[in-house]
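A short worksheet on the structure shown next.
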Amino acid sequence: MPTDEQLLLLDLWVSPFSTRVKIALAEKGLSYETQEEDVLGGKSDLLLKSNPLYAKVPVLLHNGKPVVESTNIVYYIDETWPSPQLLPACSYGKSRARFWADFIDKKVFDAGSSIWKTKGEELEAAKKEFIDILKKLEGAMGDKDYFGGDKFGFVDVILIGLTTWFYVYEKYGGFKIEKECPKFAAWINRCKKRDSVAKNYVDPERTYEFVGMLRKMHGVE
Amino acid sequence: MDMSGSCEIVVVDFWANGFGMRVRIALEEKGIMYKYEEENLENPQRSQLVLDMNPVRKSVPILIDEGKPVCDSLAILEYIDERWKDGFPSLLPEDPYERAVARFWAQYVDNKIFDTQAKFLKSKGETKEDVKKELIGQLKLLDDALGEKLYFGGDKFGYLDVAFIPFSSMFSGYESHGSFKLEEECPKLSAWVKRCLAREGVSRVLPDFHQIYEIHKKWYGVE
């Protein structure tokens, strides 16, 4: 990367969406600085100026210009630094990747949140929905090693960051992904061996503690 | 219907579906001929074609190219832009930053404006007034994003114009429902709508405003 390029990531250590962006940056071998945002305490002026509509992290500032929404950021990273390419080469493959990225964004995190935010019957229903979603994703992967086929690709990047919160769902939901969706669990372990993922994968215990605090704030206990 | 090996471009959609209008407008802009298959969304049961082509989401629009389905309207727009690239007018800007901005606003339309307008059409009394302010506020953001440009794409009609123009078929409906004038609240957006409607492809695809308002009234229980 040319030395006059500046990358700054407005970050929250526990955010699976920030993790997603960090993995994309690592896959491209890009160096960047981070600014940790205290999203519960007080958001920085830079965050409020860079993302006035949503005031959320992550935000990637490239030479001062902000790109917001994590999936959008990954598209931007892939197009600005095309090598190695994350999206498939052909238009049809790209369209399938976009479809699954959108499915992941609309379903996975919200379904997981329903698990740690609820109790009793609601929790059981949330658990069932979450497992159904993982099974659909297993179907998308088929017999391949990755969603990208033989290579770790765009959809893998979009999804793997979210799995940093799966331990939380397993603990509160009383289930194990290894038992319910073994192919999916195998894919997580395969991805975690990659440098880009291993270096940025947030410790699940720390995440669990953080969500414990969120539960109290939401009055779930 | 056996779609394998077919050379045809097929669009499966419902006449009043704003998301599907995007796909049809994009194909018109590119000058691509296609076969239209109507999926009646007033029937809660999806057709076998939709279940086969989009088993995960069971939704329209679906673009079928040589028998292979492309789903999700914004993903379809990007597919159309890449598939028919050289020698065709482009939808997305070349510059990655401008592409990120266009995608951001298209997602804003989908994630915010669509839900707010549905809430607005369903609401009554005081709630309606509050939601009306929310909707106008969101439309003003698009008005600002357009600024002094002819189109969201700049001088050229592009991706965000295609993504947002179908919603304009309901603008007069919102005005009737909320007793306001878009021309007063969002003058740039109003001018933009007229400019887009002058394009052949857009006017061919967008349905009659009265018909679309009537079907929305039915769906949302508007009195």
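The values are calculated or read from the model by the stated rules, or taken from the named source; none is laboratory data. Owing to the predicted nature of the structure, the values given are computational and were not obtained by experimental measurement. Please note: Cβ atoms are built from the backbone with ideal geometry, for glycine as well, and neighbour counts cover all protein chains shown.
Data overview
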quantity	calculated
Qualifying residue in the range A:61-70 (condition: crowded, with 18+ Cβ neighbours inside 10 Å, aliphatic (A, V, I, L, M) and within 7 Å of another protein chain (Cβ to nearest Cβ))	yes
Criterion violated by B:Glu29 - all others in (1) touching a strand residue (DSSP E or B) at 6+ places or on another chain (Cβ under 9 Å); (2) under 18 Å from B:Leu92 (Cα atoms) satisfied	(1)
Meets criteria (surrounded by fewer than 18 Cβ atoms within 10 Å (Cβ to Cβ) and within 27 Å of A:Leu53 (Cβ to Cβ)) for B:Lys132	no
Unmet criterion (only one of (1) out of contact with any Gly (no Cβ under 8 Å at 6 or more places or on another chain); (2) outside any loop (DSSP other than H, G, I, E, B)) for B:Lys156	(2)
Test: residue in the range B:198-205 that is outside any helix (DSSP H, G or I) and at pLDDT below 95	no
Qualifying positions in the range B:112-128 - more than 14 Å from every other protein chain (Cβ to nearest Cβ) and either part of a helix (DSSP H, G or I) or hydrophobic (A, V, I, L, M, F, W, C) (or both)	B:Gln117, B:Ala118, B:Lys119, B:Phe120, B:Leu121, B:Lys122, B:Gly125, B:Glu126, B:Thr127, B:Lys128
Residues being touching a residue at least 24 places away in the same chain (Cβ under 8 Å) and touching a Lys or Arg at 6+ places or on another chain (Cβ under 8 Å) - total across the range B:67-77	4
Single residue of the range B:55-74 satisfying the filter (at the interface with chain A (Cβ under 7 Å from one of its Cβ atoms) and not hydrophobic (A, V, I, L, M, F, W, C)) that is farthest from B:Glu39 (Cα to Cα)	B:Lys68
Residues (closer than 18 Å to B:Asp110 by Cβ and among the polar types (S, T, N, Q)) located in the range B:36-88	B:Asn54, B:Ser59, B:Ser73
Hits in the range B:132-153 (condition: touching a Gly at 6+ places or on another chain (Cβ under 8 Å) and under 27 Å from B:Glu28 (Cβ atoms))	B:Tyr151, B:Phe152
The lone exception for B:Val109 - which of (1) within 12 Å of chain A (Cβ to nearest Cβ); (2) over 23 Å from A:Ser91 (Cα atoms); (3) modelled with pLDDT of 95 or more it fails	(1)
Scan of the range A:128-152 for residues that are in contact (Cβ under 8 Å) with a residue 24 or more places away in the chain and assigned to a helix (DSSP H, G or I), ordered by number	A:Phe130, A:Ile131, A:Ile133, A:Leu134, A:Lys135, A:Lys136, A:Leu137, A:Glu138, A:Ala140, A:Met141
Scan of the range A:71-94 for residues that are more than 16 Å from B:Pro96 (Cβ to Cβ) and touching a residue at least 40 places away in the same chain (Cβ under 8 Å), ordered by number	A:Pro84, A:Pro88
Test: residue in the range A:153-175 that is surrounded by 14 or more Cβ atoms within 10 Å (Cβ to Cβ), at pLDDT 95 or above and not in a helix (DSSP H, G or I)	yes
Number of positions in the range B:39-57 that are among the charged types (D, E, K, R) and farther than 21 Å from A:Trp100 by Cβ	2
Pair list, Cβ under 8 Å, 6 or more apart: the range A:155-175 residue in contact (Cβ under 8 Å) with a residue 12 or more places away in the chain and closer than 14 Å to A:Ala126 by Cα, other residue assigned to a helix (DSSP H, G or I) and among the polar types (S, T, N, Q)	A:Val168/A:Thr207
Verdict on B:Gly137 being among the small types (Gly, Ala, Ser) and not in a helix (DSSP H, G or I)	no
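Residue-wise test of (1) at the interface with chain B (Cβ under 9 Å from one of its Cβ atoms); (2) modelled with pLDDT of 95 or more; (3) assigned to a helix (DSSP H, G or I); (4) in contact with a Ser or Thr (Cβ under 8 Å, 6 or more places away or on another chain).
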| residue | (1), (2), (3), (4) |
| --- | --- |
| A:Asn72 | yes, yes, yes, no |
| A:Tyr75 | yes, yes, yes, no |
| A:Ser83 | no, no, no, no |
| A:Arg98 | yes, yes, yes, no |
| A:Ile104 | no, yes, yes, no |
| A:Ser113 | no, yes, yes, no |
| A:Ala126 | no, yes, yes, yes |
